[in-house]
Amino acid sequence: MSRPEVCPKCQGTGWLLEDAGGSQVAKRCSCFGDRVKRSLVDQSNIPQRYLGCSLENFEVHNDSHRDALKISRQFVKNYPAQDVGLLFIGPCGVGKTHLAVAVIRELIRTKDAVCVFYDFRDLIREIQSTFTPESTLTESDVLAPVFSAEVLVLDELGAKRTTAWVEETVFYIINHRYNHKKMTLFTTNYPDTDEEEDRRDSFYKKSGDSLIDRIGVRLRSRIYEMCKVVEIGGDDYRKMAKQASYRF
């Protein structure tokens, strides 16, 4: 990886000296803000695959995409004067993760917000790994950035089937953020239903479980108190892209 170019104005110090009434006064170089934003992106844990996601390049194919994009833009505009986070719900490949990442990238770019991205399964695995004798990290080490981030994205909520330990751990995380008024965004592939008639829906048949089956009643209740639900429908982008690549 090539090193970033050294600013010719400040020679990489981030400071400039200017004359002011016969004396020199130090002020921040214009490059400093860019360095801060690069650092925030580096610390955000956004997967390489999603670093290019933005609100501008989100593809709109139906009304639910249009509504979700509008809500995401409004969220960024209102932040930090925002009461609730966002819960993106929909089948695989409709752009939930794209929008969640795009939101935090825009918050970093425009608000210098400290944002962190975690895949639900990866976070659980990282916490579990601290229990092994050879681990050099503690559970507190893993959870520190999750607790302290101004905005947390928890991707693929419910992707790991809940156990008593998983449910208690995730509730502990989410409740901590709730109590400290920290903004949280979630994505999930599991439909939000526990109604018998809704279980006949084709999406439900494909996924098998509902969100409440995957995360439990208590956690579902807290998340709905914390977030605005954003439902996204449509075809699987990844499947469409793959099929298009086979066309000659």
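Any read-out appearing in this document is the output of simple, stated calculations on the displayed coordinates, not a laboratory observation. It should be emphasised that the depicted structure is a prediction, and the values quoted were computed from it without experimental measurement. In this analysis, Cβ positions are derived from the backbone assuming ideal geometry, glycine residues included, and neighbour counts consider all displayed protein chains.
Tabulated data
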{"read-out": "No Cys partner within the rule (Cβ under 4.7 Å), the chain", "value": "CYS53, CYS92, CYS115, CYS227"}
{"read-out": "Theoretical gain in end-to-end length, GLN128 to THR110 [0.36 nm per residue, Cα-Cα removed]", "value": "3.0 nm"}
{"read-out": "Reduced Cα scattering model of region 1-133, Debye log10 I(q)/I(0), q = 0.09, 0.12, 0.16 Å⁻¹", "value": "-0.41, -0.66, -0.94"}
{"read-out": "Helix axis angle, 139-148 relative to the chain longest principal axis, alpha carbon, degrees", "value": "70"}
{"read-out": "Cα→Cβ-extended label distance, 7 Å offset, between ASN179 and LYS37, nm", "value": "3.6"}
{"read-out": "Filter on LYS96/LYS182; LYS37/LYS70; LYS96/LYS160; LYS9/LYS77; LYS111/LYS228 - keep pairs with C-alpha separation over 28 Å", "value": "LYS9/LYS77"}
{"read-out": "Highest-first arrangement of 133-145, 103-115, 55-67, 217-229, where packing means the average Cβ count within 10 Å", "value": "103-115, 217-229, 55-67, 133-145"}
{"read-out": "Translational diffusion of the chain, µm² s⁻¹ [Kirkwood Rh, Cα pairs; Stokes-Einstein; 4 °C; 1.567 mPa s]", "value": "64"}
{"read-out": "Nonlocal amide H pairs with TRP15, under 5 Å, H built at 1.01 Å", "value": "CYS29"}
{"read-out": "In nm, spacing of pseudo-spin labels at LYS77 and ASP141 (7 Å Cα→C-beta vector)", "value": "4.4"}
{"read-out": "Extended-chain gain in nm, criterion 0.36 nm per residue less alpha-carbon gap, SER23 and GLN11", "value": "2.2 nm"}
{"read-out": "Order of THR163, THR184, THR132, THR193 under a 10 Å beta carbon neighbour criterion, fewest first", "value": "THR132, THR163, THR193, THR184"}
